[in-house]
Amino acid sequence: MVPTTSTPTPAAAPRAPAPTAESVVLIGPTTYEVHRADRVVGYIDIVGGVYVALAGARYDHAVEVRQSIILDTAVAALALPSAAA
């Protein structure tokens, strides 16, 4: 026997976007602040066409850990365990 009516398929609940591992905020004309888990892990300065990653919670104490022409690469450098020291 073939059913004569169809039942509507319930709509799936929308998924929440996955939380980002870090956030990058422009805090000055040439400076980004990188946050991870609600704390500052470093800064990125734009010098010419180069992104300079600086590890540390305070800008005046941050240490250069990488230079890159790609912003995402500079941000990723701040995720490395050696950058946290």
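Can you tell me which residue within the range 34-46, out of those that are among the hydrophobic types (A, V, I, L, M, F, W, C) and surrounded by 10 or more Cβ atoms within 10 Å (Cβ to Cβ), is farthest from the chain's Cα centre (by Cα)?
Step one: of the range 34-46, the residues among the hydrophobic types (A, V, I, L, M, F, W, C) are 34, 37, 40-41, 44, 46.
Still in the list and also surrounded by 10 or more Cβ atoms within 10 Å (Cβ to Cβ): 34, 40-41, 44, 46.
Values: VAL34: 7, VAL40: 11, VAL41: 11, ILE44: 12, ILE46: 17 Å.
Once the filter is applied, the top-ranked residue is ILE46.
Wholly within the chain, which strands (runs of 3 or more DSSP E) include no fewer than the required count, namely at least 2 residues that are modelled with pLDDT of 95 or more and out of contact with any strand residue (DSSP E or B) (no Cβ under 6 Å at 6 or more places or on another chain)?
Hits in the chain: 39-47.
Could you give every pair whose Cβ atoms fall below 7 Å, whose first residue belongs to the range 22-35 and is more than 12 Å from LEU71 (Cα to Cα), and whose second residue is among the basic types (Lys, Arg), counting only separations of at least 6 or pairs across chains?
Filtered contacts from the range 22-35: GLU22/ARG36.
The values are calculated or read from the model by the stated rules, or taken from the named source; none is laboratory data. Bear in mind that the values here come from a model prediction, so they are computed numbers and not experimental data. Cβ atoms come from the backbone with ideal geometry, glycine included; neighbour counts cover every protein chain shown.
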